[in-house]
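Worksheet: one structure, shown below.
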Amino acid sequence: MNLHEYQGKQLFAKFGLPVSQHKVITEAEDATNACRDIGGTKWVVKAQVHAGGRGKAGGVKLINTPEEAVEFSQHWLGKRLITYQTDAEGQLVNSILIEECTDIAQELYLSAVVDRATQRIVFIGSSEGGVNIEEVAEKTPEKIIYEAIDPLTGPMPFQARKISKILGLNSDQAKDFSKMLPQLTDLFITHDLSLLEINPLVITQGGKLHCLDAKINIDTNAIYRQPEIQEMHDPSQEDPRESEAALHDLSYVSLEGNIGCMVNGAGLAMGTMDTIKYFGGAPANFLDVGGTATQERVSKAFKIILADPEVKVVLVNIFGGIVRCDLIAEGILAAIKEVGVSIPVVVRLEGNNAEIGSKILAESGAEIVSLNNLEEAAKKAVELSK
Amino acid sequence: MSILVDKNTRLLVQGFTGSQATLHSEQSIEYGTNIVGGVTPGKGGQTHLGAPVFNSVHDAMEAVQPNASIIFVPAPFCKDSILEAADAGIKLIICITEGVPTLDMLVVKKRIDELGIQLIGPNCPGVITPGAAKLGIMPGSIHMEGSVGIISRSGTLTYEAVKQTTDLGLGQSTCVGIGGDPIPGTSFIDVLKLFEADEQTKAIVMVGEIGGTAEEEAAEYIRDYVTKPVISYIAGQTAPAGKRMGHAGAIIAGGKGTAADKIKKLQECGVHIAENLLQIGAKAKEVLG
């Protein structure tokens, strides 16, 4: 799960990290008071969406009067911001972050992730902030440090000194950073983060370290024990079909093609998409109905797939492991009846009681192409999608 | 011969009396697995599916000496259950449960490595040695005793590979589902090592997927240490970048971990690639001659 920048900064502040004075508004008229409350004569206004690249898309602006803040808010609130990280429709802006303006002397990069290779939380730091860090990693790897945190010891002061050196901090800043590193680690662990990124971490004209941005991802598996984070969930930033699916424990990702897919198991679902592509078709979605494909879930899955107007045919691929295919066949029939499916459905059942399942589908009179061979089923679905 | 589990496996089921554990334990017993007991705190002294229930793994250890455990407890309690089994001295722990927080696994993994314990999973279908024992949720009926060792990050996709090798008469020595989470207890390399040393295994099928670099690391290990033929299929060749595809592990980030990257690396290291999941069995047959 992703957080907005302002939510990330709230968490930063809670853990004692240096962030700018700020206010969040959802009504343009509140912008004037927000600027006055913050004080000063220069502010930064930032449209809040779950995507990077906002600056280039016009979603971030430096302003000199509260009126400009109102104007900016009127322009963006309720509109969709399209950046290179969003899809063509963009993300809905429903809040604006107003911050005091920071005078930047230097931009640095700092992040922390759970690294699969070392199986540790790893901090990544670079003196080259505010830019594409992948490019820095590729062209000047010596400018990046990867520092793994041992779960037993936690972050040690020597590690802060190692990172400080690569960041190019002076001794006062390094001292401040030695406080920041445990604070960031504490935040990471306390709230079950999977990613924390400050790009840029800046050195101000006054020589102080300051977190100018905050990007936070939370481990979805741990949301159950993060009540504070649950409150921050903003469904408007997610694909409505994906959120609807998640509510029913279905894993759904919408794609560009026209063959709706319903599969049990994430790996097989990806394999099925690959097979469709292999035979010249284009999957409309990834959908994992889970290990126990009950009638209720199959119905819900059909509804979600059919909500996509591009879908011309649905391919159901179920490998009945423990679940019996005859039960799944009945589930599919009931679901088709309930939802009122009017496009062709190709079903491939394999595994436990697959033959009985196929027979049930064949004798139902419903418009279903039942094949127990994935190759034939995929080819058929591709043919019907053309 | 086989790896990890065989007819001498004495299995303990943690979370024994729950509905999923009951369903899968019944099927495992039917398959011939020797379930010596189960653990459900507070239900010690009862009998379930003909086996004794204990309050703790330690109690079970004393009474019935299990040498493997399978975990079905809900995700919030897996960290505790795994560490309990480890503390009681069980050397093979299989965690079926999905949804275990990554930071829990970070700590668990460090501890089990220190203790020299083999943890399979979490979020995995388990381990089966056809004809000997089934420790997991896979359908027993599609398996056949044979010569192909199968390792996979996925569940149903593994069944697909199993079915194909069974249909072609090759069969399997052991099938290990290592799970799709970012921090798995056991890696491809751990299992490759075991298959390389196993006489019954003549070829190895490795089913991978997008995300992470586990397949790339395995590729280098295969190049340097594995003499048996390895066949690999990578799922997610058509997945768009940055989208999470169900498995926590299957995320393509920053241009790393794409199917194309993995396939290229595997090919460079001498691994036979099944371009499509339909070709896994045929490729194994071709390689075995």
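The values are calculated or read from the model by the stated rules, or taken from the named source; none is laboratory data. For clarity, every value in this text was computed on a predicted model and none was experimentally measured. Note that we place each Cβ from the backbone using ideal geometry, even for glycine, and neighbour counts take in every protein chain shown.
Comparison of A:95, A:111 shows that the only residue that is among the small types (Gly, Ala, Ser), touching a residue at least 12 places away in the same chain (Cβ under 8 Å) and within 14 Å of another protein chain (Cβ to nearest Cβ) is A:111. Scan segment B:65-78 and report the pairs whose first residue is closer than 15 Å to residue B:100 by Cβ and whose second residue is of a type in the set (Lys, Arg) and modelled with pLDDT of 95 or more, with Cβ atoms within less than 9 Å and a gap of 6+ or a chain change. So the pair list comes out as B:76/A:225. Residues that are buried (at least 24 other Cβ atoms within 10 Å of the Cβ), touching a residue at least 24 places away in the same chain (Cβ under 8 Å) and either out of contact with any Gly (no Cβ under 8 Å at 6 or more places or on another chain) or more than 19 Å from residue B:158 (Cβ to Cβ) (or both) do not occur anywhere in segment B:195-203. Can you say whether residue A:153 is more than 27 Å from the chain's Cα centre (by Cα), of a type in the set (Ser, Thr, Tyr), within 14 Å of chain B (Cβ to nearest Cβ) and on the phi < 0 side of the Ramachandran plot, as far as the supplied structure shows? The answer is yes for residue A:153. For residue B:209, the conditions (1) closer than 17 Å to residue B:281 by Cβ; (2) without any contact (Cβ under 8 Å) to a residue 60 or more places away in the chain; (3) among the charged types (D, E, K, R); (4) within 13 Å of chain A (Cβ to nearest Cβ) all hold with the exception of (1). For segment B:265-277, the criterion of being part of a helix (DSSP H, G or I), at pLDDT 95 or above and surrounded by fewer than 18 Cβ atoms within 10 Å (Cβ to Cβ) is satisfied by at least one residue.
Taking each residue of segment A:123-134 that is without any contact (Cβ under 8 Å) to a residue 12 or more places away in the chain and looking for partners that are in a loop (DSSP other than H, G, I, E, B) with beta-carbon atoms closer than 9 Å, six or more apart or interchain, yields A:134/B:254; A:134/B:255. Condition first: within 14 Å of another protein chain (Cβ to nearest Cβ), out of contact with any Pro (no Cβ under 6 Å at 6 or more places or on another chain) and over 16 Å from residue A:12 (Cα atoms). Can you find one or more residues in segment A:192-203 that meet it? No, segment A:192-203 has no match at all.
Exactly one residue out of A:260, A:281, A:290, A:265 is out of contact with any Gly (no Cβ under 9 Å at 6 or more places or on another chain) and touching a residue at least 12 places away in the same chain (Cβ under 8 Å), and it is A:260. Residues in segment B:96-154 that are more than 11 Å from chain A (Cβ to nearest Cβ) and basic (Lys, Arg): B:134 only. The residues of segment A:20-57 that are among the aliphatic types (A, V, I, L, M) and more than 28 Å from residue A:224 (Cα to Cα), listed by number, are A:25, A:28, A:31, A:34, A:38, A:44, A:45, A:47, A:57. Of all the listed residues (B:262, B:283), the sole one being surrounded by 18 or more Cβ atoms within 10 Å (Cβ to Cβ), in contact with a strand residue (DSSP E or B) (Cβ under 9 Å, 6 or more places away or on another chain), at pLDDT 95 or above and charged (D, E, K, R) is B:283. Counting only helices (runs of 4 or more DSSP H) that sit wholly inside segment B:34-130, those with at least 3 residues that are more than 30 Å from residue A:122 (Cβ to Cβ) and modelled with pLDDT of 95 or more are B:57-64. Restricting attention to segment A:114-130 and to residues that are among the β-branched types (Val, Ile, Thr) and either surrounded by 21 or more Cβ atoms within 10 Å (Cβ to Cβ) or under 18 Å from the mean Cα position of the chain (by Cα) (or both), the residue that is nearest to the other protein chains (Cβ to nearest Cβ) turns out to be A:114.
Flag not set for residue B:144, criterion: more than 23 Å from residue B:113 (Cβ to Cβ) and either surrounded by 24 or more Cβ atoms within 10 Å (Cβ to Cβ) or of a type in the set (Lys, Arg) (or both).
The residue of segment A:216-252 that is farthest from the other protein chains (Cβ to nearest Cβ), among those that are in a helix (DSSP H, G or I), of a type in the set (A, V, I, L, M) and out of contact with any Leu (no Cβ under 6 Å at 6 or more places or on another chain), is A:247.
Might you check whether a residue that is surrounded by fewer than 24 Cβ atoms within 10 Å (Cβ to Cβ), of a type in the set (D, E, K, R) and facing chain A (nearest Cβ under 9 Å) occurs anywhere in segment B:221-235? Looking through segment B:221-235, none of the residues is surrounded by fewer than 24 Cβ atoms within 10 Å (Cβ to Cβ), of a type in the set (D, E, K, R) and facing chain A (nearest Cβ under 9 Å). For segment B:10-20, filtering for residues that are in contact with a Pro (Cβ under 9 Å, 6 or more places away or on another chain), part of a loop (DSSP other than H, G, I, E, B) and buried (at least 21 other Cβ atoms within 10 Å of the Cβ) leaves 1.
Okay, residues lined up against (1) farther than 21 Å from residue A:321 by Cβ; (2) crowded, with 20+ Cβ neighbours inside 10 Å; (3) away from every other protein chain (no Cβ under 14 Å):
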| residue | (1), (2), (3) |
| --- | --- |
| B:22 | no, no, no |
| B:30 | no, no, no |
| B:34 | yes, no, yes |
| B:39 | yes, yes, yes |
| B:49 | no, no, yes |
| B:53 | yes, yes, yes |
| B:60 | yes, yes, yes |
| B:71 | no, yes, yes |
| B:80 | yes, no, no |
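I'd like to know if segment A:53-69 contains one or more residues that are in contact (Cβ under 8 Å) with a residue 40 or more places away in the chain and out of contact with any helix residue (DSSP H, G or I) (no Cβ under 7 Å at 6 or more places or on another chain). No: zero hits.
On the given criteria, is residue B:90 away from every other protein chain (no Cβ under 14 Å), in contact (Cβ under 8 Å) with a residue 40 or more places away in the chain and within 25 Å of residue A:223 (Cα to Cα)? The answer is no for residue B:90.
For segment A:131-145, the tally of residues that are modelled with pLDDT of 85 or more and surrounded by 15 or more Cβ atoms within 10 Å (Cβ to Cβ) stands at 3.
Here residue A:213 meets each of (1) over 30 Å from residue A:109 (Cα atoms); (2) at pLDDT below 95; (3) more than 10 Å from chain B (Cβ to nearest Cβ) with one exception, condition (1).
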